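Throughout, read-outs are computed from the coordinates displayed, never taken from laboratory work. Source: prediction; values computed, not measured. Positions of Cβ are backbone-derived with ideal geometry, glycine not excepted, and every protein chain shown enters the neighbour counts.
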Amino acid sequence: MTGENILLEVRRLKIYFPVRKGIFMRTVGHVKAVDDIDLFVKEGETLGLVGESGCGKTTTGRAILRLIEPTEGEILVRSKKLSDTGESYKVDIVTASPKLLKALRRDLQIIFQDPYSSLDPRMTVAEIVGEPLQVHGIAQGSEKEDRIEKLLAAVGLNPEQMKRYPHQFSGGQRQRIGIARALALDPELIVADEPVSALDVSIQAQVVNLLQDLQEQFGLTYLFIAHDLSVIKYISDRVAVMYLGKIVEVAETEALFLNPKHPYTEALMSAVPVPDPDYKAQQILLEGDVPSPMNPPSGCYFHTRCRYAQKICTIESPLYRDLGNEHFVSCHFADTLSLQPIRTA
């Protein structure tokens, strides 16, 4: 994971939120939203991050941009814009100074989940898309206006609508405005935080295809957060599966879907609808509720809902290891289990 093609590397990241009670608001515990994860994203790829609601996906994405302060760990990003020679070097976002962090914002951007609340209703489209250019002093006046027009055209919007306000656009159009804003600074990495989950299904496909076209056009790298495995399978080069604040499996998309190695991945895949009316789904129903991240189970966090769990799973936390070909998994029995792949037709 130290190769030149690694754009982002996350090492032993922890994000704990304190729980306070009483008159004096004493800390009585911590919600372990992200609990000791390792992750890397290669230049030019799309890494899909998938899992149930509340598993820590969005928290991870926002911590990578330091919109949330990490409790522990390293977030190393390779940046070219910080060097006068054009050569890239790695910077730890966690320890970066405010001045350095502002400079890094040019390389790291986000597309938010909700296209309604993520745009200021009192600003025009031109002001929204042009704000990053103004903040970083990249363009002013007619140059900024020309840049805004090109960005709007790139995301499929009419530049003549740049004086309108967000409420005058549909949900899909608003998300395109958000994408144009993320592209304004010519970033290298974009965290896409469930960018299509709030949109109609027909619009979802358009936005996903747009993101793929923009990736090819601008040489972008995506961390694509979603809970829809169908979308993840379509857009991702590799997929990371998250459960209760931990990464339980990472692999290339085809390898993960055809040969899952973690029981939680198998259960997720069994819930994906199959486009075949004659096929009777063999859905795996997980028993019980997701444990509290404030008081996670001992051993493997998934053992309370795993149908393959044995005694060692309740006692000892499994190692996060590489099974070969960069197929990482955190399961005691990953080498011996024969799990059900996804059925696509």
Ordered by fewest other Cβ atoms within 10 Å, a rough proxy for footprinting exposure, D35, D92 read D92, D35
Per 0.36 nm of contour for each residue apart, how much would the distance between A153 and Y89 grow if the chain were fully extended, relative to their Cα-Cα spacing? 19.8 nm
For R147, R305, order by how many other beta-carbon atoms lie within 10 Å, fewest first: R147, R305
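In the chain, how does Rg compare with the Kirkwood Rh, expressed as the Rg/Rh ratio over alpha carbon atoms?
On the way: Rg = 21.2 Å, Rh = 21.5 Å.
With Rg and the Kirkwood Rh in hand, the quotient comes to 0.99.
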The stretch 157-228 and the stretch 289-327 have their Cα centres apart by a whole-number Å value of 36 Å
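Give, as a single signed number, the net charge of other residues whose beta carbon lies under 14 Å from the beta carbon of A154, with Lys and Arg counted +1 and Asp and Glu -1. Walk me through the numbers on the way to the answer.
Numbers: positive: R147, K150, R176, R181; negative: D146, E149, D186, D213, E216.
Net charge around A154: -1.
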Give the long-range amide H neighbours of K42: residues separated by 5 or more places, or on another chain, with amide H under 5 Å away, using H modelled in the peptide plane at 1.01 Å from N. L7
Pick from G288, G245, G44: which is most flexible by mean-square fluctuation in a GNM of the chain where alpha carbon atoms under 10 Å apart are linked? G288
Compute the angle between helix 201-218 and the longest alpha-carbon principal axis of the chain, please, reported from 0 to 90 degrees and rounded to the nearest 10. 70 degrees
Sorted by Cβ density within 10 Å, fewest first, the residues R164, R176, R307: R307, R164, R176
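L323: net charge of surrounding residues, Cβ under 11 Å, Lys/Arg +1, Asp/Glu -1, itself excluded? Walk me through the numbers on the way to the answer.
Working: positive: K261, R321; negative: E249, D322, E326, D335.
Counting the neighbours of L323, the net charge comes to -2.
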For E52, list long-range residues whose amide hydrogen, built 1.01 Å from N in the peptide plane, is under 5 Å from its own amide hydrogen. none
Send over the per residue convex hull volume for the stretch 232-345, Cα only, as a whole number of Å³. 107 Å³
Each residue of the stretch 153-162 in turn: what ³J(HN,Hα) in whole Hz from Karplus with 6.51, -1.76, 1.60 and θ = phi - 60°, glycine and Pro shown as x? 5, 5, 9, x, 10, 7, x, 5, 8, 5
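Once you have the Cα-Cα distance between N259 and R105, take 0.36 nm times their residue separation minus that, and quote the gain in nm to one decimal. Walk me through the numbers before you get to the answer.
On the way: separation 154, 0.36 × 154 = 55.44 nm, distance 3.74 nm.
Full extension from N259 to R105 adds 51.7 nm.
What net charge is computed for the residues neighbouring I225, neighbours being all others with C-beta under 9 Å from the C-beta of I225, Lys and Arg scored +1, Asp and Glu -1? All intermediate terms of the calculation are to be shown ahead of the outcome.
Working: positive: K57; negative: D193, E194.
Neighbour charge sum, excluding I225 itself: -1.
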Over the Cα atoms of the stretch 116-186, how large are the radius of gyration and the largest Cα-Cα distance (Dmax), in Å? 10.8, 31
Calculated from backbone phi, Karplus (6.51, -1.76, 1.60) coupling profile of the stretch 219-229 in Hz, x at Gly/Pro: x, 8, 10, 10, 9, 9, 8, 7, 10, 8, 5
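For the stretch 125-275, what D do you get in µm² per second when you plug the Kirkwood radius from alpha-carbon pairs into Stokes-Einstein at 25 °C and 0.890 mPa s? Before the final figure, lay out each step's value.
Values: Rh = 17.1 Å.
So the translational diffusion coefficient is about 144 µm²/s.
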Quotient of Cα radius of gyration and Kirkwood radius for the stretch 170-247, i.e. Rg/Rh, equals 0.96
If you build the Cα gyration tensor of the stretch 35-182 and take the root of 5 times each eigenvalue, what three semi-axes come out, in whole angstrom, biggest first? 29, 21, 13
If the reach is capped at under 17 angstrom between alpha carbons, list the lysines near K150, excluding any in the same chain fewer than eight residues apart. K163
